[in-house]
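The values are calculated or read from the model by the stated rules, or taken from the named source; none is laboratory data. All values derive from a computational prediction rather than experimental measurement. For neighbour counting, all protein chains shown are included, and Cβ atoms are generated from backbone atoms with ideal geometry for every residue, glycine included.
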Amino acid sequence: MDLFFIKKLIAMLIMPMSIITILLILAILFFKAKPKFSFKCLLSASLLLIISSLGFVADKLILPLENDFEPYSRIDSSIDYIVILGCGHTTDDALPVTAQLYTCSLQRLVEAIRISNIHPEAQIITSGAALGDEVANAEKVKQALVLLGMKEEKILVESFPKDTEEEAELIAPRVRGKNVILITNADHMSRSVNYFATQGVTVIPAPASYFTKGLGQEKEWSYYLTPNPNNLVQTTTAWYEYLGLTVQWLKTLFK
């Protein structure tokens with residue numbers, strides 16, 4: 001079985017909604033045979049769902065990840081490459097290519113255009129495999145860049161890497177020793193920087209796609225007490241990143 005698939009399957013099974021689903025199934029299965037156990041599973045699933053869906057919990061979890069690096073601002077040195085890590089899309093020819101991109105890919109693309117306007121000398125590298133789609137994410141992001149006015153010859157495509165670790169491995173030989181700006185989601189930046197450092201590449205982080213905004217503003221009571229599915233997505237994202245950082249750290253112990 002493919003190692004990439006196994007990693008994704010294990011990660012999926014220990015995400016909050018998967019754990020909640022498993023607990024609910026256990027509650028149903030043991031409703032008559034072990035009512036006390038069934039009740040504990042139901043209570044645990046309910047508490048996990050509610051807590052994971054609260055705004056202040058979601059922000060507390062993801063804020064340390066997003067605060068690791070400042071947003072990119074102009075530097076005096078020239079830049080050789082702007083690397084956009086892959087995220088996702090769904091090919092649908094009835095839609096403009098920008099509408100086919102997932103939000104994360106679109107936000108990374110926008111950040112790349114902003115930085116390219118600051119550093120027009122830099123080449124752009126798009127990255128990401130197809131992962132079930134007919135077109136690689138790297139190619140789809142390139143199409144969107146061209147649609148928005150970027151010159152095609154300025155864009156290099158790495159369409160084979162399936163995850164961040166592979167992206168670092170495949171892109172590193174091209175950019176090693178160069179000035180490289182790395183664009184990915186703010187919560188994903190620490191793990192990405194670590195992977196490139198492992199390959200001998202020191203990148204300049206340019207985090208995009210922030211979850212936490214306006215935390216200094218006064219919040220309504222619903223922020224603390226009302227579950228929201230968007231908060232559950234944010235909690236799941238933070239959970240996934242902490243898991244990835246833990247795995248990354250464990251790998252360093254066995255090298």
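Some observations on this one:
- Among residues of the range 117-133, those that are over 24 Å from the mean Cα position of the chain (by Cα) and of a type in the set (V, I, T), counted: 1
- When every residue of the range 126-133 is checked against the conditions, none turns out to be in contact (Cβ under 8 Å) with a residue 60 or more places away in the chain, hydrophobic (A, V, I, L, M, F, W, C) and more than 18 Å from D80 (Cα to Cα).
- For beta carbons closer than 6 Å, sequence separation of 6+ or different chains, a first residue in the range 174-186 that is touching a residue at least 12 places away in the same chain (Cβ under 8 Å) and more than 15 Å from S77 (Cα to Cα) and a second that is in a helix (DSSP H, G or I) and of a type in the set (A, V, I, L, M, F, W, C), the qualifying pairs are I183/A112; N185/C104.
- Residues of the range 62-97 that turn out to be buried (at least 22 other Cβ atoms within 10 Å of the Cβ) and within 22 Å of Y240 (Cβ to Cβ), as a count: 9
- Looking only at the range 158-211, and only at residues there that are surrounded by 18 or more Cβ atoms within 10 Å (Cβ to Cβ) and among the aromatic types (F, W, Y), the one that is farthest from the chain's Cα centre (by Cα): F196
- Complete set of residues in the range 120-137 that are buried (at least 19 other Cβ atoms within 10 Å of the Cβ) and within 25 Å of S73 (Cα to Cα): A122, I124, I125, T126, S127
- Condition check for G214: modelled with pLDDT under 95 and surrounded by 15 or more Cβ atoms within 10 Å (Cβ to Cβ): no
- Any pair with Cβ under 8 angstrom, 6 or more apart, that starts in the range 137-151 at a residue that is among the small types (G, A, S) and ends at one that is in a loop (DSSP other than H, G, I, E, B): A138/G86; A138/G128; A138/A129; A138/S159
- Flag if D59 is within 19 Å of F211 (Cα to Cα), assigned to a helix (DSSP H, G or I), charged (D, E, K, R) and touching a residue at least 40 places away in the same chain (Cβ under 8 Å): yes
- Of all residues in the range 85-102, one or more are closer than 15 Å to P205 by Cβ and either outside any helix (DSSP H, G or I) or in contact (Cβ under 8 Å) with a residue 60 or more places away in the chain (or both).
- Test for G200: is it assigned to a loop (DSSP other than H, G, I, E, B), at positive phi and without any contact (Cβ under 8 Å) to a residue 24 or more places away in the chain: no
- R114 vs. criteria assigned to a helix (DSSP H, G or I), buried (at least 23 other Cβ atoms within 10 Å of the Cβ), at negative phi and not hydroxyl-bearing (S, T, Y): no
- Scope the range 228-241; condition within 12 Å of the chain's Cα centre (by Cα) and either touching a residue at least 60 places away in the same chain (Cβ under 8 Å) or in the same structural domain as M17 (by TED's automatic domain parsing) (or both); matching residues: Q234, T236, T237, A238, W239, Y240, E241
- With respect to the conditions (1) in contact (Cβ under 8 Å) with a residue 40 or more places away in the chain; (2) surrounded by 17 or more Cβ atoms within 10 Å (Cβ to Cβ), I155 lacks only one, and its number is (1).
- Selection count, the range 8-56, where residues are touching a residue at least 40 places away in the same chain (Cβ under 8 Å) and part of a helix (DSSP H, G or I): 8
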